[in-house]
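One structure below.
The values are calculated or read from the model by the stated rules, or taken from the named source; none is laboratory data. These numbers were taken from a predicted model, which means no experiment stands behind them. So basically every Cβ, Gly included, is an ideal-geometry build from the backbone, and we count neighbours across all protein chains shown. Note: accessible area is taken over every heavy atom of the protein model, side chains too, but ligands, DNA and RNA are not part of it. Shrake-Rupley method; radii C 1.70, N 1.55, O 1.52, S 1.80 Å.
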Amino acid sequence: MTNILAIARKEWRGYFASPIGYVVIGMYAIIFGYFYTVGLSWFLRQSMQGPQMGGGPLNVNQQLIRYVFLNSTVITLLVVPLITMRTYSEEKRSGTIELLMTSPITDFQIVIGKFLGAMSLYAAMLGITVIHIAVLFVYGNPEWKPVVSGYLGLLLLGGAFVSVGLFFSSLTKNQIVAGMFTFAVLLLLWVVDWVGNFLGPVGEKIVTSLSLTGHLEDFLRGVIDSQHLIFYLSFITFGLFLTAKSVDSERWRG
């Protein structure tokens, strides 16, 4: 555990030794703030017009927070490749991967340490958004359970994205190539359910089950379904397994 935490801390320091950490957090905060402001403006307008139009009160969880969280996944799609592209690629480019491979640290410890390092930066990005949500609790009365389940879903989605990014970073010493492959694969997994309508009922069910964002919907509604938990945890485990195999092959190639 000590080795894992040491690698995670090294990754964390590495993000802020370069502009990457500041850029991704700043980018995430700005775009999330935009989605939040637009969503809040719409919600306030609808709340004021609702009684005049004979409508009932709006649900802040389902008609504001849920959509803001859902829109924020677009930012995750953009920034996770920036977070993960350097994890192994930079080690390979600078030659420090050889020191890591010859150290008495197992592949499992290396992979988990780098995963936790990347996830700590992702969690810091999500942490900024707590301020926005806290404002809603100050001036409104949202339910806290859907908010907590929403954040859990976003963490699991981010973990799945990070596991894909770690794998592609382990395959090349070029950060740009790693980032582009990660983005391309995540984008394909993002839109995979769009083609479901053309594949018939069985094909639609299969591709829908592979959609990373499709499994997020229930979390944003305040439902923590074991089916979705198992999907995300399995996806993360598989991504880290592929990364460990890639690292292992690197060790044997010398």
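One table, with the values for the structure above:
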{"quantity": "Cross-chain or 6+ apart pairs with Cβ under 7 Å, the range 226-247 first and in contact (Cβ under 8 Å) with a residue 60 or more places away in the chain, then open to solvent by 20 Å² or more (accessible area, probe 1.4 Å) and among the aromatic types (Phe, Trp, Tyr)", "calculated": "Gly239/Phe167; Leu240/Phe115; Leu242/Phe167; Thr243/Phe167; Ala244/Phe108; Ser246/Phe167"}
{"quantity": "Among (1) within 17 Å of the chain's Cα centre (by Cα); (2) over 14 Å from Phe32 (Cβ atoms); (3) open to solvent by 30 Å² or more (accessible area, probe 1.4 Å), the one test that Ala118 misses", "calculated": "(3)"}
{"quantity": "Of the criteria (1) surrounded by 14 or more Cβ atoms within 10 Å (Cβ to Cβ); (2) aliphatic (A, V, I, L, M); (3) farther than 20 Å from Glu143 by Cα; (4) over 21 Å from the mean Cα position of the chain (by Cα), which one Val24 fails", "calculated": "(4)"}
{"quantity": "Answer residue from the range 161-190, given it is among the small types (Gly, Ala, Ser) and surrounded by 23 or more Cβ atoms within 10 Å (Cβ to Cβ) and is nearest to Phe115 (Cα to Cα) among those", "calculated": "Ser163"}
{"quantity": "The lone exception for Asn141 - which of (1) of a type outside the set (Val, Ile, Thr); (2) open to solvent by 80 Å² or more (accessible area, probe 1.4 Å); (3) under 26 Å from Leu82 (Cβ atoms) it fails", "calculated": "(3)"}
{"quantity": "Tabulated pairs, the range 116-128, first without any contact (Cβ under 8 Å) to a residue 60 or more places away in the chain, second among the basic types (Lys, Arg) and open to solvent by 30 Å² or more (accessible area, probe 1.4 Å), C-beta under 8 angstrom, 6+ apart or interchain", "calculated": "none"}
{"quantity": "Selection status of Tyr232, within 30 Å of Val60 (Cβ to Cβ), open to solvent by 30 Å² or more (accessible area, probe 1.4 Å) and modelled with pLDDT of 80 or more", "calculated": "no"}
{"quantity": "Verdict on Ala160 being touching a residue at least 24 places away in the same chain (Cβ under 8 Å) and closer than 15 Å to Thr73 by Cα", "calculated": "yes"}
{"quantity": "Residue in the range 28-46 that is open to solvent by less than 70 Å² (accessible area, probe 1.4 Å), within 20 Å of the chain's Cα centre (by Cα), closer than 18 Å to Phe115 by Cα and not polar (S, T, N, Q) present", "calculated": "no"}
{"quantity": "Among residues of the range 191-214, those that are open to solvent by 40 Å² or more (accessible area, probe 1.4 Å) and assigned to a helix (DSSP H, G or I), counted", "calculated": "13"}
